[in-house]
Every structure is written in C-alpha cells, then in structure tokens.
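The values are calculated or read from the model by the stated rules, or taken from the named source; none is laboratory data. The structure presented is a predicted model; accordingly, all values stated were derived computationally and were not measured. Note: ideal-geometry Cβ built from the backbone for every residue, glycine included; neighbour counts use all protein chains shown. Surface areas here come from the heavy atoms of the whole protein model, side chains and all, with no ligands, DNA or RNA. Shrake-Rupley method; radii C 1.70, N 1.55, O 1.52, S 1.80 Å.
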There are 2 protein chains.
Amino acid sequence: MAQQHLDPPTDPTAGPVTSDALAGYLRAQATEFLRSLRQHRETGAGAASGSAESVAAARALRRSARRISGSLHTFRPLLDTDWSEGMRPELAWLSGTLAREHAYGARLERLLGALNRLSGSAALPSQASGANAHPTPKGTLTVGAAKAGALLDRQLTLARTRAHSAALQALGSSRFHAVADSVAVLASEVPLTPAAPATDLRPLAAAAADRLTDAVAALPLVTAGHPYNAQALVHGLSADTAPQPQDAPWHQVRLLLRLHRYARELMYGDECPTDVRLLAAGQALNRHRDAAEAASAAASAARTPRIAPATAYALGVLHADQRHEVEAARFAFQQAWQKEAVRTL
Amino acid sequence: MAQQHLDPPTDPTAGPVTSDALAGYLRAQATEFLRSLRQHRETGAGAASGSAESVAAARALRRSARRISGSLHTFRPLLDTDWSEGMRPELAWLSGTLAREHAYGARLERLLGALNRLSGSAALPSQASGANAHPTPKGTLTVGAAKAGALLDRQLTLARTRAHSAALQALGSSRFHAVADSVAVLASEVPLTPAAPATDLRPLAAAAADRLTDAVAALPLVTAGHPYNAQALVHGLSADTAPQPQDAPWHQVRLLLRLHRYARELMYGDECPTDVRLLAAGQALNRHRDAAEAASAAASAARTPRIAPATAYALGVLHADQRHEVEAARFAFQQAWQKEAVRTL
C-alpha cells in the first residue's frame, strides 16, 4: 500500500500559526474542565451509580483533560518544561481513573449484547438485570450462555463499582485538588516559554501528523485488508494471559490519531473541518480497543475456578467472537485509511 | 447483484448432442468404477486403516459412483425409469458409506490444525499421534487446547474406525454386489428409452445449469459479500443442536454445482475446458461444508459429560473459529461467483 499522506493541519496558503492559538485552546479547554467539574459535583457524583448528567459531566471532564494533556505533549517546546512535565502525568492519572468506570460498564454491555447475538436473540439485554432475565421469543439463551452472562455481569459490575468508588475517592483527594488548581491557573495564564511568541506551531503539528503516518505505515495493513485473514485469533488459545502483543501497535496508532486530531482542532480553531476519514479510522480503532478488552475479559472470566463446562464453552465462543471483532475493526481501519483524504475545507 | 449466467454447457454453434454422449460417458464411468473396485480389493481394503493405494481406490470408486448417479439424475428422461430410479439410491448409499471414513479423518486433521493455529504454533500436528504429542517450539498448547485435541482425536478416530468397518461390511454385502452387477451391465449396455436417440441433451444440461443459477440467486450473497458480517456465528450459542438451517442452501448449491460440472464433462467429452470460476466456487463450497461439520464436531465434543472447563473453553473457541471459516468460505464463494465467466475454450 502506498504511503498515505494526511491533510496539512492548516491551510498552507495562510500564514504561521502563533502561540496565541495554543494559549487560546488551552484556556478554552481549562475553562471547559472547570465547568464540567462544577457540573459533576452538582449532579450527585456521590450516588452509587452516577446519573445521566453526572456521567455526561465526567465524560466532558475526561475530554478536556485529554485535550490539555495532548496539547502539552505536541507543543511542549512552547511551554514551561517543569510545569508541563509535572502536569501531564497528573492529567493522565485523572482521565484514566475517570475512564475506568465507564469502560467496565461499556464492556459488560458489549459482552452481553454479543451473548444475545450469538444465541440468535436480536434483543439486547438490560444491563442491570443480567443476561438471563430477558428470554427473548426468538431464541432463549442456553444454560451456558446464561451462566456466562451472569458471571460476566457479576465480575464486571463489581469492577465497575470499585472503579466508581476509586473515582469518587480520586475526586476528593488532595492530588486531584492540586490538578484542579493547576487547571484553574491555566484558564487565565498559560505558562509559555519566552521564545514561544516567535515560534510557528505548524511544524510541531506536522510532526504529530508524521508520527501518526509513520505508525500507520508500520501496521500490517496489507494483511488487515484481506478479509478473514484469521490473524487476530492466532493466539486465542495461547498459554500467555498477557494482553496480545499484536494489538499494541494498533492501540498506539489510536493514541497518535487522537493527538493529531487535537492538534487539528487547535490549529483550525472553531472552523476545524470534520475529516470523515480520520473520524472513520478513529471509530475503527476505538472498536478495536473495546473488542480486544472484551475478549480479554471473556478469557479472564473463563479462568474463574469451578465454573461449569457449559459456561466455559460459552466464554470460549465469546472470546473468539470478540477477537474476530478485533480483526473486523482492523479491516475497517484499513478501508477507511486507504481512502484518499478529501479536503472538506 | 445482477443474475450471473453460466457458460452454455456446449459450444452453441455446434449441433445437438445425442444420447451417444450420455451412453459413452456412463460406460466410461462404469468401467472406471469396476477398475477402482478391483484395485480397492487388491490393495488391502481389509486392513484396519487403508493404505494410500486403497484410499485412492476408494476415492476413485466414489468419484465414478457420483458421476453415474448425477448423470442418471440430469438426463433421466433418456433412461429407463425403473432401472435408473432403482440405481440412484443404491449409488448414493455406496458413495455415502465410503465417504464417511475419509470425512472423519479430514475433520480431525482440520480441527487439530486449527487448535495449533489458535495456539500460535505454526506446525501442523501429526494426525495419528494426537495434538499434544508435538509441543512445537514456538508455542506449546495450553492444557485446555491439548485436552480438547485429545478428546477430538479420541472421538473422531473412533468414528473413523467405525466408518471403516462399516465400509468394509458394505463392500462385502449382497446389497453391494447387486450395485456392482448393475454397474457391470452399464459398462456394456446403457438402458436408454426408445425415444432417447432422437433427444437432444442440451436442454437437459441447460436445465441443470438453470437449477444451479436459481439456487445461487436465492443465497444471501449481498450479506456474504460484506466481510465480517457475523452471520455464520449467529446461532453459535443457540440451544438447538441440529445442523444450522442457514447452512442448508449453501450445501444445496454445492450439490447443484457438482451436477452442473458433471453435465459439462459429459457434454464436452474429453475436451471439457476447466472453468476456473466453477472450480473456485466449488472449492469454497467444499470448505464451507468441511468447516460447518468441524464446527459441529467441536460443539458436540463440548457436550461430552465431565470434561474440564478449560477443555470446554478451547472447544468453544474452536467452534467459533470454524463458524468464521464458514463465513469466510461464503465470502470466497461470493467473490468467485461475481467474476464474469471467462471462456477458456
């Protein structure tokens, strides 16, 4: 496959992009962070399971934390080194802690949905009530599928509850207050280096795009473009319980794609055009990550002591199904990526 | 997808094809049947597991039995009804009985190969010695995969041994001798109807081609052409242990493709050109059938009482893997079929 090039991050005919754009973007994200934090506190973040508003607020908080952290990384030569190097791990800790609760819930929903699909029932189960509470008319779950669903429900709900408590604890910690204070400072005063005002942001944004392009070029895209290549399940029964090493470069591209996307937002400002190619590629990589983690969760549930063989069988089918989702997501990424970039602006 | 048309069974500029072609083809196949039978008897068909020569002879016997039976079906208006209607079920019984031994062996090989692939070991296991006798350097099998391999080895080897005995018994039976006698008569004298010499074979061959085209048109080829449609595993965990109803139309197309192929052989005689499209489509349907039956065997092994959960898990992964092979085979068929027929003659 020929090397694909990305859109230039800004209109090449325009002049240099100055540190004002960086400062403006960081201030806006910091303001959004503080707004989401206030909303999260007001919408009953203390409840056992967050309300819809509280969930939305936590998501917005993560969203701005990721954008601040990503911009500190991409444009670090313009920022006070000590400050930005102290800030990034704290933001990563925060968004990671907040993301976990959501991830466990989404993973359970994905796995119960797959169990129903694999049982020939079209209806999705209600997440709260478990897989076997809703026998659908078209095909009831087998004993194995129902027990696998109940086991996953138990394990992932427990993990989610723990993640929820951990998130609440984090939001009440002095560590978090220090992060919030730093973000509050950022909302008014961005600590730029003395040389920043004379620095053009474009080469730094272009470097982020190049890192993405290089990482994509290293992916096995020729294989991924051949449907049913049976690569994703190659270690489906291997003795190694660690995350599959073949997934790592894809996860890495997902992160680099995100950094590139944030850099585009920053460079274009409010007029940032939607790049459907990046959007589709990003969605494929999210699906890749979710399916890989769901496959892992099924394999891990199958290692629970004293489960029935029928339960283990259903978890084996589920694991393989999710690994095929991983393969399907790689195919979808390959298809999205090979499309020529179409300028929408 | 636009309706695909098949090659006309013969050169349309040539004249009618007469019953001589039918009689010649049937006589040749009957002679081949008798030759293979003699060879099968001479090459130690009585041994517990047939020698390579005996296996080849049994294959040739089945091959000619299928061709005789298929031609009796496609061209039945030209043949004595009582005789041909008495003959066909006997030939089907014979080739079915002979096919079983080979099928169990091939199924075991496919499943052990898949277990190795899923364990990240590239090497194929030796069929005779079971899956766990050959830990490969790259990745040894997990306990579950090794036990699943041993269980499948036990079950399918037993089934194969039984099929071997049944085949030997069949070949010594009076029922078989009656079939062999009928085929011996056919080798010298084909029982045509009085009207046969005046009948053109081409409309009958064309009707066989039309039956194939119609059956293909009824397949869900649009879905099959979208990779990773997740259709083949839709009932992967359903409570129903019967063969998957979604497979039946594909198996039916496989049989109709075979009848069409035999009709072409008969019409073209020795100059029958290879139609690569038919060849690829037929191979995809064979793979479809083999994977569907292997998936069934894995599911059935998982219902063995008192197996370990790890064994059941490995069998679940294996079942899903083979159902994905089913889906991959449908995709391959769709790809082969949509290619325009290219005349090679």
Percentage relative contact order, the stretch A:18-199, counting C-alpha pairs under 8 Å, at least six apart: 32
Which of B:Ala180, B:Ala196, B:Leu115, positive extreme of dipole for the stretch B:18-199 (C-beta unit charges): B:Leu115
Folded to 0 to 90 degrees: helix B:19-42 orientation relative to chain B principal axis, Cα: 40
Whole-percent carbon and sulfur share, accessible surface of the protein assembly as shown, 1.4 Å: 55
From phi via Karplus (6.51, -1.76, 1.60), per-residue ³J(HN,Hα) for the stretch B:326-334 in Hz, x at Gly/Pro: 4, 5, 4, 5, 5, 4, 4, 4, 4
The stretch B:30-101 - percent relative contact order, Cα under 8 Å, separation 6 or more: 31
Cα centre as origin, Lys/Arg/Asp/Glu Cβ charges: chain B dipole, Debye: 1140
Chain A: relative contact order as a whole-number percent, Cα under 8 Å and 6+ apart: 25
Spin-label model distance (nm) - A:Ser165 vs A:Arg59, 7 Å beyond Cα toward Cβ: 2.7
Sequence ranges B:229-235, A:269-275, A:63-69, ranked by mean other-Cβ count within 10 angstrom, highest first: A:63-69, B:229-235, A:269-275
Those trypsin sites (Lys or Arg not before Pro) in the stretch B:241-311 that DSSP places in a loop and that have at most 12 other beta carbons within 10 Å: B:Arg306
Helix B:143-171 axis, angle to chain B major axis (alpha carbon atoms, nearest 10°): 30
Within 10 Å of each Cβ in B:318-327, the average number of Cβ atoms from other chains: 5
Over chain B: helical MRE at 222 nm, DSSP H runs n ≥ 4 each giving -39500 (n - 2.57), nearest 500: -23000 deg cm²/dmol
Shielding by other protein chains, A:224-233, mean Cβ within 10 Å: 4
For residues of A:302-309, the mean tally of beta carbons on other chains within 10 Å: 4
Cα gyration tensor shape for the protein assembly as shown, rounded if a/c is under 1.5, else prolate or oblate: prolate
Amide H contacts of B:Leu79 (H built 1.01 Å from N, under 5 Å, at least 5 apart or other chain): B:Thr193
Separation in nanometres of the label points that stand 7 Å from Cα toward Cβ, at A:Glu42 and A:Cys272: 2.5
Charge dipole (the stretch A:229-345, unit charges on Cβ, about Cα centre) - positive-most of A:Ala301, A:Leu257, A:Phe331: A:Ala301
Computed magnitude of the charge dipole of the stretch B:18-199 (debye, nearest 20; Cβ of K, R +1, Cβ of D, E -1): 820
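Kindly compute the accessible surface that chains A and B hide from a 1.4 Å probe when together, both sides summed, and give it to the nearest 100 Å².
3000
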Accessible-area order (highest first, 1.4 angstrom probe) of the listed residues A:Lys147, B:Lys339: B:Lys339, A:Lys147
Nearest-20 debye value, the protein assembly as shown charge dipole, Cβ charges on Lys, Arg, Asp, Glu: 1680
Under Karplus coefficients 6.51, -1.76 and 1.60, residue-wise ³J(HN,Hα) of the stretch A:172-186 in Hz, glycine/proline x: x, 7, 5, 4, 5, 4, 5, 4, 4, 5, 4, 5, 4, 4, 4
Residues A:Thr18 and A:Asp82, FRET efficiency given R0 of 22 Å [Cβ-Cβ distance, rounded to 0.05]: 0.45
Estimated FRET transfer efficiency (A:Trp93, A:Val143; beta-carbon r; R0 60 Å; 0.05): 0.90
Lys/Arg +1, Asp/Glu -1 at C-beta; the protein assembly as shown dipole; positive extreme among A:Ala291, A:Ala23, B:Leu278: A:Ala291
Amide proton proximity set for B:Leu141, modelled H, under 5 Å, gap of 5+: B:Thr136
Pair A:Ser173, A:Ala308: separation of 7 Å Cα→Cβ label points (nm): 4.1
Between 0 and 90°, nearest 10: helix A:52-74 axis offset from chain A longest Cα axis: 50
